[in-house]
Amino acid sequence: MNAAMIAATSVVRGACHHDCPDTCAWEVTVRDGVAVNLRGDPSHPFTDGQLCPKVNPFLDRVYHPDRLLRPLRRVGPKGEGRFEPVDWDAAIAEIADRIGTAVAQHGGETVLPYSLDGTQGLVQKGVLADRFFAALGATQLNRHICGVTAWHGAADVLGLPLGADPTEIASARTIVLWGTNTLLTNRHLWPYVEQAHGNGASVIVVDPVSTMTAQRSDWHIQPRPGTDVALVLGIIGVLDRDGLIDEERVSAAASGWPELRAEARALSLDSAASITGLAEADIISLAHRISHQQPAVLRALIGMEHREHGQDIHRAVAALAVVSGSEYMRSTQVYFDTAFADIVPPPRPQRTFNMSALGAALTAAALQPPVTVLLNYGCNPAAITPDQNRVLAGLGRDDLFAVVIEQFMTDTARYADIVLPTTTQIEHLDLMNAWGHLYVSLNLPAIEPLGECLPNTEIFRRLADALALDASGLADSDEQMARDLLASGHPWLDGITYERLQRDGWARLAVPAGWSALADREVPLPPSGVDAGAQSRSLGPIRLGTLRYRPAAESADGDAELVERYPLALMSLKQHQRFLNSHYGGFEHHLPDPPEPRLDISAADAEARGIAGGDRVRVYNDRGELFTSAAISDRLQPGLVTMPFGWWAGDADARTVNVLTNAAVGGDDPDVGSAAFHDTLVEVEPAPDVQQTANGASS
Ligand SMILES: Nc1nc2c(c(=O)[nH]1)N[C@H]1C(S)=C(S)[C@@H](COP(=O)(O)OP(=O)(O)OC[C@H]3O[C@@H](n4cnc5c(=O)[nH]c(N)nc54)[C@H](O)[C@@H]3O)O[C@H]1N2
Ligand SMILES: Nc1nc2c(c(=O)[nH]1)N[C@H]1C(S)=C(S)[C@@H](COP(=O)(O)OP(=O)(O)OC[C@H]3O[C@@H](n4cnc5c(=O)[nH]c(N)nc54)[C@H](O)[C@@H]3O)O[C@H]1N2
Ligand code: SF4
Ligand SMILES: [Mo]
């Protein structure tokens with residue numbers, strides 16, 4: 001290496017943008033403007049220099065030959081994926097013109113933003129885009145497909161749902177991973193689990209599926225899907241019966257204990273066992289383990305929320321933590337939401353849509369005003385939203401003008417009128433929070449944007465300018481927004497400056513070690529005035545109260561007529577190590593072997609339908625159908641089938657598992673909460689050609 005080459009080599013700090021709890025800190029080595037190496041930042045206490053199998057080859061994604069590098073305008077039918085290049089000025093002018101015309105005709109609400117956590121970076125994900133849509137008076141999107149239902153369930157009990165610092169799992173003696181597949185979805189927590197295990201802790205997994213995490217646990221409890229509320233009531237009933245509840249402590253800390261206890265007493269152990277499909281002895285033993293082997297930690301993340309009554313399940317787990325005197329652990333997002341400055345506009349009078357109901361919003365006949373403009377970024381709704389046939393019918397509407405800001409020609413981008421090419425994490429600046437630990441990081445751009453790509457922020461700045469929108473902050477630079485987010489004055493951000501993050505890459509929020517919202521019901525607030533000191537706000541009493549198992553309408557205990565027609569419960573899981581939601585579903589090197597989203601089915605259910613391992617099958621319900629091959633699995637209880645989530649359909653006629661999934665939102669308000677993805681009933685049959693073969697009618 002000569003001197004010039006050495007001078008041209010630099011290492012730039014950043015952090016992973018994926019919608020993953022771990023937010024790994026990384027270092028990009030850049031030589032002559034090209035990123036040549038990406039590795040985990042070895043100094044980061046939580047992620048410890050390791051990335052993951054999805055992201056180790058991330059530079060291949062950045063420099064992938066299929067990267068979108070120029071703006072595109074559609075030339076073929078929607079969904080077909082035929083486009084021609086167009087220059088940026090023309091693309092921005094056309095979009096501004098179409099938005100201007102639509103808004104003049106229907107008002108701002110005719111514009112629907114559609115985005116999620118394609119990047120979790122606070123700047124690229126939202127600040128400027130949110131200001132743009134507020135200034136436009138667009139329809140507001142409740143981004144509730146992930147995390148909000150779990151938030152509400154925990155908040156029902158805790159007020160502000162702050163769980164414990166996840167690293168404290170290392171000192172637990174009992175760890176219950178309740179409906180979370182830690183090894184797959186939250187892998188950097190596992191070393192802390194192992195540390196506790198090495199010190200004698202037992203690791204218990206509660207999950208209807210025998211996941212990779214369940215297989216590594218000391219004890220896998222496998223309830224029937226969606227029955228956890230009955231399990232919790234069963235456990236509380238045993239604790240109550242055996243005098244293992246510190247009534248004085250619970251009554252002092254929480255309201256509603258008598259009501260919860262009454263519910264637990266009303267549901268006999270016998271009924272809890274039959275609803276959950278577990279042995280009574282197991283429920284007793286789990287209750288005793290949690291009670292006798294303290295400190296215990298109950299950790300729930302997101303997965304269980306994807307049910308009609310997901311909020312009840314999350315509420316039940318939080319309530320059990322309170323009653324049993326265990327620590328409760330969940331997403332840490334709330335810490336960052338509390339600490340960072342609120343620099344996006346407040347909710348507006350415009351109508352609100354739940355993102356789970358995209359299909360309905362785009363296909364509703366009588367919607368006033370209709371949605372005639374869709375601006376999609378950081379989300380791949382054609383692949384990830386439930387009730388895919390409806391979503392695709394909506395995206396296929398000729399009178400819908402759709403703009404998709406993407407890195408690749410995804411299933412959604414193929415339906416766009418204009419596709420705008422956007423930067424990846426190593427090409428733009430961002431401030432990163434995390435939902436699996438307490439470290440904030442700064443992601444600095446390591447290389448120039450590839451081709452003509454622009455960051456989301458710059459695209460919205462140009463659109464705001466073209467539309468001559470008049471609101472503050474629409475021209476802010478990315479660095480300014482990052483600085484502003486850090487400038488709340490909140491005590492948890494004490495000493496965390498932009499400059500410090502520039503130097504170190506990351507910093508732990510200044511939450512005192514061992515602080516627990518369960519015990520300490522005071523949360524600091526940012527200074528309310530220039531001279532006011534830090535104040536705190538009380539979280540109020542913990543709330544228990546009535547809790548009852550309610551079967552989902554679309555479940556084995558639900559609508560009998562539906563169960564008769566569709567007797568199998570389908571769960572569409574995150575199950576590939578090299579997938580991150582829909583990010584890598586279209587990438588050959590990330591696909592499993594064989595490269596197909598197979599249907600896992602129990603031997604009993606397969607045999608009853610004349611299906612052998614490897615057979616082609618048709619999976620269907622009233623919403624749609626898909627064809628794949630079957631794998632006989634001993635990880636599943638009879639009555640349950642699973643398919644992986646995150647695959648791309650790849651062409652307009654193909655479908656993924658979301659063609660089958662349930663878009664219903666539980667709770668009282670359909671605008672609040674996630675879709676009941678996992679409360680989906682299906683039937684499975686041999687695919688027609690296989691049936692013919694079996695009948696000898698065809699070869
Ligand atoms: N059946 C079923 N469906 C599910 C789930 C399930 O378990 N089963 N899980 C649900 C959950 S929890 C979630 S969070 C959602 C995830 O759904 P999505 O948020 O759609 O998932 P991602 O694949 O993370 O991101 C989508 C896109 O963001 C793009 N992207 C990345 N960075 C940027 C950027 O900087 N700018 C722009 N404009 N785009 C960017 C990527 O190229 C990618 O195509 O799926 C939900 N859907
Ligand atoms: N490798 C990889 N990692 C990821 C992702 C990915 O796609 N791939 N996605 C990221 C995203 S967006 C998210 S939200 C997180 C999610 O991370 P997790 O919170 O771990 O959620 P899931 O993997 O969706 O579901 C966790 C488990 O819940 C179980 N479950 C479902 N219903 C029930 C129930 O009724 N009771 C009980 N007890 N368990 C139930 C499922 O079987 C599943 O094993 O993972 C993130 N990390
Ligand atoms: S996807 Fe998660 S585990 Fe993998 S590098 Fe990103 S933050 Fe880390
Ligand atoms: Mo998610």
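Only one of the numbered conditions (1) buried (at least 22 other Cβ atoms within 10 Å of the Cβ); (2) away from ligand 4 (no atom under 16 Å from the Cβ); (3) assigned to a helix (DSSP H, G or I); (4) of a type in the set (A, V, I, L, M, F, W, C) is not met by ALA150, and that is (2). Pull up the stretch 255-288, narrow it to residues that are farther than 28 Å from LEU640 by Cα and in contact with a strand residue (DSSP E or B) (Cβ under 7 Å, 6 or more places away or on another chain), then point me to the one that is surrounded by the most Cβ atoms within 10 Å (Cβ to Cβ). So the residue we want is GLY256. Against the numbered list (1) surrounded by fewer than 19 Cβ atoms within 10 Å (Cβ to Cβ); (2) at positive phi; (3) touching a helix residue (DSSP H, G or I) at 6+ places or on another chain (Cβ under 6 Å), ALA466 comes up short only at (2). Return the residue satisfying two criteria in turn: it lies in the stretch 409-427 and is in a loop (DSSP other than H, G, I, E, B) and open to solvent by less than 10 Å² (accessible area, probe 1.4 Å), and of such residues it is nearest to HIS583 (Cα to Cα). Out of the qualifying residues, it is THR410.
Answer yes if at least one residue in the stretch 574-592 is open to solvent by 30 Å² or more (accessible area, probe 1.4 Å), touching a Ser or Thr at 6+ places or on another chain (Cβ under 7 Å) and within 16 Å of ligand 4 (Cβ to nearest atom), and no otherwise. Yes, the stretch 574-592 contains a residue that is open to solvent by 30 Å² or more (accessible area, probe 1.4 Å), touching a Ser or Thr at 6+ places or on another chain (Cβ under 7 Å) and within 16 Å of ligand 4 (Cβ to nearest atom).
Those helices (runs of 4 or more DSSP H) of the stretch 227-290 in which 3 or more residues are closer than 28 Å to GLU308 by Cβ occupy 228-241, 257-266, 269-276. Among the residues of the stretch 101-120, those that are part of a loop (DSSP other than H, G, I, E, B) and within 16 Å of ligand 4 (Cβ to nearest atom) comprise LEU116, ASP117, GLY118, THR119, GLN120. For the stretch 291-308, a tally of residues being more than 16 Å from ligand 1 (Cβ to nearest atom), open to solvent by 30 Å² or more (accessible area, probe 1.4 Å), of a type outside the set (S, T, N, Q) and outside any helix (DSSP H, G or I) returns 1.
Among the residues of the stretch 554-576, none qualifies, meaning not one is over 23 Å from ILE611 (Cβ atoms) and either in contact with a Lys or Arg (Cβ under 6 Å, 6 or more places away or on another chain) or among the β-branched types (Val, Ile, Thr) (or both). Looking across the stretch 335-391, the residues that are closer than 26 Å to THR424 by Cβ and among the aromatic types (Phe, Trp, Tyr) come down to PHE336, PHE340, TYR377. Taking the criterion of being surrounded by fewer than 19 Cβ atoms within 10 Å (Cβ to Cβ) and outside any strand (DSSP E or B), the residues of the stretch 20-58 that qualify are ASP32, GLY33, PRO42, SER43, PRO45, ASP48, GLY49, GLN50, PRO53, ASN56, PRO57. Working only within the stretch 354-387, note down all residues that are in a loop (DSSP other than H, G, I, E, B), β-branched (Val, Ile, Thr) and open to solvent by less than 10 Å² (accessible area, probe 1.4 Å). Once the filter is applied, which keeps residues that are in a loop (DSSP other than H, G, I, E, B), β-branched (Val, Ile, Thr) and open to solvent by less than 10 Å² (accessible area, probe 1.4 Å), the stretch 354-387 yields VAL371, THR385. When residues in the stretch 131-171 are screened for being under 21 Å from VAL344 (Cβ atoms) and either within 16 Å of ligand 1 (Cβ to nearest atom) or of a type in the set (S, T, N, Q) (or both), 14 of them pass.
This table checks each residue for (1) under 30 Å from GLY586 (Cα atoms); (2) within 16 Å of ligand 1 (Cβ to nearest atom); (3) in the same structural domain as THR412 (by TED's automatic domain parsing); (4) touching a residue at least 24 places away in the same chain (Cβ under 8 Å).
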position: ARG351; (1), (2), (3), (4): no, no, yes, yes
position: MET355; (1), (2), (3), (4): yes, yes, yes, yes
position: ALA366; (1), (2), (3), (4): no, no, yes, no
position: PRO369; (1), (2), (3), (4): no, no, yes, yes
position: VAL373; (1), (2), (3), (4): yes, no, yes, yes
position: ASN376; (1), (2), (3), (4): yes, yes, yes, yes
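Consider the stretch 160-206 and keep the residues that are assigned to a loop (DSSP other than H, G, I, E, B) and open to solvent by 20 Å² or more (accessible area, probe 1.4 Å). The one that is nearest to ligand 3 (Cβ to nearest atom) is ASN181. The number of residues in the stretch 481-531 that are touching a residue at least 12 places away in the same chain (Cβ under 8 Å), of a type in the set (Val, Ile, Thr) and farther than 30 Å from ALA319 by Cα comes to 1. The set of residues in the stretch 596-648 that are outside any loop (DSSP other than H, G, I, E, B) and either within 16 Å of ligand 3 (Cβ to nearest atom) or without any contact (Cβ under 8 Å) to a residue 24 or more places away in the chain (or both) comprises GLU607, ALA608.
The values are calculated or read from the model by the stated rules, or taken from the named source; none is laboratory data. Model, not experiment: these values are computed from the prediction. Neighbour counts are summed over all protein chains in view; Cβ atoms, including those assigned to glycine, are modelled from backbone coordinates with ideal geometry. We work out accessible area using only protein heavy atoms, side chains counted, and drop any ligands, DNA or RNA first. Shrake-Rupley method; radii C 1.70, N 1.55, O 1.52, S 1.80 Å.
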